[in-house]
Amino acid sequence: MKRLLIYLTYDKQNIIDDYIGYFLRSMRSITDTIVAVCNMPYIEKGLPNLSDYADRIFYRENKGLDCGGFKDALCQFIGWDQLKEYDELILANDSFYGPFKDIGHIFAEMEARHLDFWGLMKRGSGAYGATGKDPEHILSFFYVFQTPMIHSPDFRSYWEVMPYYKDYMTVVKQYERQLTKYFADLGYTYGAYADTEPNESSNPRNQFFQCDYLSYEMITKRNFPFLKRKQLSYNPLFTQTQENLALSIDYVDQCTDYDVSLIWQNLIRVMNPAQLQRSLGLQYPLDGGEEKEPLKAVIIVRARWLNAVDTVCEYLDRIRRVCDIRVYGENERLVDRYRRNGYFAMVSVKPDIEIIRQTDPEKYRYLCLIHDCDLSSEQIPSCTGKSYFFNIWENLLKDTGYVSKIVKLFDTKPYMGMLTHPVPIFSEWIGKLEWDWKNRYEEVSRYIRELKLNGVTDPQTPPVHVTNNFWVRADIIKSFGEKIDLYDRKDALPPDIWDYLWTYGMQDQGQLTGIVESTFYASMNEVNYHYYLRTLMGWLSERYGPHEKLHEFREIFQAQKAAEKCKEKYGGFYVYGTGEMAERCFPWLREASAFIVSDGHQRNRLFHGKPVICLSELKNMHDYGIILCLSKENCDHVTELLEQRGIKEYYPVY
């Protein structure tokens, strides 16, 4: 059997990571020809991951996304005459890691089934969002088509007629969810390698993408040989917890021959660090205890407050047997107090980065940067200040056994670059969890760009922790410091901006950021988080009515906010959509002039007493704002329709 693989890749930074090279190397043994299609103008880094295995490489703009790339490969780059030389066609993209088992065995098993086309995973017939019922379909990241299908007029016509879709969700709706049914209706047989039957449901609302939401089960029990990258960007809490990703990576590491560093290399580069911290559960409760063996670690204390000296020394006394300690104080009087307690201390007002980058990575593998706090009652009640102090020191330097376990944690997790203390969730700090980041996002992003850091930011996602207290690998700090030297601005960075930058500095160095806490603090914070959650949900339910899922409250917030904006700017508004979301949000949209549906959409004349009109019936379109009460996928399609009519003032709930 003569096989052709068309492999499509796209990366915002024009980088081809090593996991792609591994996949192509595994496919090289079973394919006669590999054609790589890059939906980007050039490759900045990692070209050998393609050129070492691909027979031909084509570059194109990201027009039509994946299916646009496959269309051009078949219709232009390769051509239908050359395709006739092959018995089997494989279309795959770069959205997964693997394979975790021999790819040849997979193809041998599927060849024995005598199917016209197949894939690795399918999704059963069911509903997706608010789009109604979708047909059963093979997921489009990996298709295999057999002869005579690939030589048929049906196959050629399908690709030649296919348009270049403009956005991701349209590709999903028109390409991924329809290709299987299109060819099945023509009489072609299909199947999937992974076993999804145990989790299929007759209730269309209960269908889901099993490779995303049950990746651990799919890999360990259902014959799925890959791990999809996409699930990293999900917030699955409206359906489940996020245990699958961490379990899957651990299984791949412990039970397969696949090198998980290939996964870490890509994930750390392209994902938001805080998203990774949440999705992977990078929060580690540790016990304390006794440890007498010296550690290759140094504690760097930045001292500012005389009233904190005695309490700081209590903690330092516990660990001085296993760690070297350096104290840098703001004045001679403060430094003298630490010297009298037997510690190396010197006066320095240099920024933290200048102090810690001097650490010799040959002598110390790890360092802890830690600051004291004002423990008086002048600024805030001393009980509040001391609680903040303990939140830092108890969770970073509890005792010798605790510090030893932090070091061992680093040793067992080579991609963990930094560990911070837990985010405080009491007093004034609870109110800073979100607003602080929203106020500083643009400034922080600007400095990340100026420093040329590979830091993935998101205005809705604060850093893992905004703090200047943490454990870190000494060699990472040295490399990071060398990069800072290239910063050519004459004025130094504002001191407080560093608290926001540490996480992105770790990402730039290819490292993760996690949180470490004592088991006592973990149990206490668990209780406190439950208290806050119950309290906030009680207030939300009292104000907005009972809703089962958190995202439903978000929809209401956004709809209410959009209505207020439209009333202020236009005096009125329309609402696009009459589905479940519009139903939930109607009490805050009841002042709408009308509700809109797309032309050809089945509709009632009234929605809660308000007129329902088709888009083509919309008059005075520039005198009102339009609130899009639609799912993200429907929103993408509708915005295109609105812009075709010259409508720019619309407010999506998603």
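Can you pull the one-decimal nm distance between simple spin-label points at residue 256 and residue 1, each 7 Å off the Cα toward Cβ?
2.1
Loop-only check: which GluC sites (Glu not before Pro) in the range 18-115 are DSSP coil with at most 16 other Cβ within 10 angstrom?
Of the GluC sites (Glu not before Pro), the ones in loops of the range 18-115 whose Cβ has at most 16 other Cβ atoms within 10 Å are 44, 61, 85.
Quick one: which residues, 5 or more positions from residue 8 or on another chain, have an amide H under 5 Å from its amide H? H modelled 1.01 Å from N in the peptide plane, none for Pro or chain starts.
Here the answer is 37, 92, 93, 94, since their amide H atoms fall under 5 Å of that of residue 8.
Going down the table (413/632; 181/632; 45/122; 432/565; 133/567; 45/221), which pairs top 29 Å between alpha carbons?
Numbers: 413/632 37 Å; 181/632 24 Å; 45/122 34 Å; 432/565 25 Å; 133/567 35 Å; 45/221 36 Å.
Beyond 29 Å: 413/632; 45/122; 133/567; 45/221.
In nanometres, what is the gap between the two model label sites at residue 265 and residue 591, each 7 Å from Cα along Cα-to-Cβ?
Going from the residue 265 label point to the residue 591 one covers 5.7 nm.
When the Karplus curve 6.51 cos²θ - 1.76 cosθ + 1.60 is applied with θ = phi - 60°, which whole-Hz ³J(HN,Hα) does each residue of the range 539-545 get, with x for Gly and Pro?
5, 4, 5, 5, 7, 10, x
Working out 0.36 nm times the residue gap between residue 445 and residue 105, then minus their Cα-Cα distance, what length gain in nm do you get to one decimal? Intermediate results must be reported in sequence, preceding the final value.
Values: separation 340, 0.36 × 340 = 122.40 nm, distance 4.73 nm.
So the extension gain works out to 117.7 nm.
What trypsin sites (Lys or Arg not before Pro) does the range 275-323 have in DSSP loop regions with at most 11 other beta carbons within 10 Å? Before the final figure, lay out each step's value.
Numbers: sites: 278, 292, 296, 302, 304, 318, 320, 321; in loops: 292, 296, 304, 320, 321.
Qualifying residues, ordered by number: 292.
Once you charge only the Cβ atoms, +1 for Lys and Arg and -1 for Asp and Glu, what is the size of the charge dipole of the range 585-638 about its Cα centre, to the nearest 20 debye?
Details: 6 positive and 6 negative charges, 48 e Å.
Using Cβ point charges on Lys, Arg, Asp and Glu, the range 585-638 gives about 220 debye.
Along the charge dipole of the range 76-118, which of 95, 80, 117 sits closest to the positive end, that is, farthest toward it, with unit charges on the beta carbon of Lys, Arg, Asp and Glu (+1, +1, -1, -1)?
Towards the positive end, the residue furthest out is 95.
Nearest 5 percent is fine: what portion of the DSSP beta bridges confined to the chain is antiparallel? Kindly include the intermediate steps, with their values, before the conclusion.
Working: 24 of 80 bridges.
DSSP beta bridges in the chain are roughly 30 percent antiparallel.
Determine the alpha carbon to alpha carbon distance for each of 292/478; 296/405; 63/452; 173/549; 296/398 and list only those over 21 Å.
Numbers: 292/478 28 Å; 296/405 13 Å; 63/452 28 Å; 173/549 25 Å; 296/398 17 Å.
Listed pairs above 21 Å: 292/478; 63/452; 173/549.
Whole-Hz Karplus ³J(HN,Hα) for the range 589-598, in order, using 6.51 cos²θ - 1.76 cosθ + 1.60 and θ = phi - 60°, x for Gly and Pro?
Once θ is set to phi - 60°, the couplings for the range 589-598 become 10, 5, 8, 4, 5, 6, 10, 10, 10, 5 Hz.
Please report the antiparallel percentage of DSSP beta bridges with both residues in the range 573-654, rounded to the nearest 5. The partial results should precede the final answer.
Details: 2 of 14 bridges.
The antiparallel fraction comes to roughly 15 percent.
Along the charge dipole of the chain, which of 358, 586, 369 sits closest to the positive end, that is, farthest toward it, with unit charges on the beta carbon of Lys, Arg, Asp and Glu (+1, +1, -1, -1)?
Going by the Cα projections, it comes out as 586.
Starting from the amide H of residue 371, placed 1.01 Å from N in the peptide plane, find each other amide H under 5 Å away whose residue is 5 or more places distant or on another chain.
302
Using a basic spin-label model with each label point 7 Å from the Cα along Cα→Cβ, how many nm lie between residue 377 and residue 411?
The answer from the label model is 4.6 nm.
Stretch residue 614-residue 246 to full length: gain in nm at 0.36 nm per residue minus the Cα-Cα span? Mind dumping the intermediate values first?
On the way: separation 368, 0.36 × 368 = 132.48 nm, distance 4.65 nm.
Residue separation times 0.36 nm, minus the Cα-Cα distance, leaves 127.8 nm.
Once phi is turned into θ = phi - 60°, what whole-Hz ³J(HN,Hα) does the Karplus curve with 6.51, -1.76 and 1.60 give for every residue of the range 343-352, x standing for Gly and Pro?
Whole-Hz 3J(HN,Hα) from phi for the range 343-352: 10, 5, 8, 8, 7, 7, 10, 5, x, 3.
Please give the Cα centre distance for the range 532-601 versus the range 380-434, rounded to the nearest Å.
39
Which GluC sites (Glu not before Pro) in the range 335-426 sit in a loop by DSSP (not H, G, I, E or B) and have at most 14 other Cβ atoms within 10 Å of their own Cβ? Don't skip to the answer; put the middle values down first.
On the way: sites: 354, 362, 378, 394; in loops: 362, 378.
Answer by residue number: 362, 378.
If you place +1 on the Cβ of every Lys and Arg, -1 on the Cβ of every Asp and Glu, and leave all else neutral, what size is the dipole of the chain about its Cα centre, to the nearest 20 Debye? Let's see the in-between values first.
Numbers: 78 positive and 91 negative charges, 165 e Å.
Around 800 debye, computed over the chain.
Around residue 444, under 14 Å between beta carbons, what's the net of Lys plus Arg minus Asp minus Glu among the other residues? Let's see the in-between values first.
Details: positive: 438, 440, 446, 449; negative: 436, 442, 443, 450, 458, 496, 499, 508.
Once all neighbours under 14 Å are counted, the net charge is -4.
Would you mind checking which residues have amide H under 5 Å from residue 515's amide H? H placed 1.01 Å from N; only 5 or more apart, or other chain.
Close amide H contacts, sequence-distant or interchain: 283, 284, 420.
Find which of 614, 627, 563 sits farthest along the positive direction of the dipole of the chain, computed with +1 on the beta-carbon of Lys and Arg, -1 on that of Asp and Glu, about the Cα centre.
It is 563.
Based solely on its DSSP helices, what 222 nm [θ] is calculated for the chain when runs of n ≥ 4 H residues each add -39,500 (n - 2.57) and the sum is averaged over all residues, nearest 500 deg cm²/dmol?
Values: 26 runs with 262 residues, N = 654.
Value at 222 nm, helices only: -12000 deg cm²/dmol.
Quote to one decimal, in nm, the extra length available between residue 159 and residue 482 on full extension: 0.36 nm per residue of separation minus the C-alpha distance between them.
Working: separation 323, 0.36 × 323 = 116.28 nm, distance 5.07 nm.
My answer for the length gained is 111.2 nm.
Each reported figure results from applying straightforward, stated rules to the coordinates on display, with no laboratory input. Bear in mind that the values here come from a model prediction, so they are computed numbers and not experimental data. All Cβ positions, even for glycine, are placed from backbone atoms using ideal geometry, and neighbour counts span all protein chains on display.
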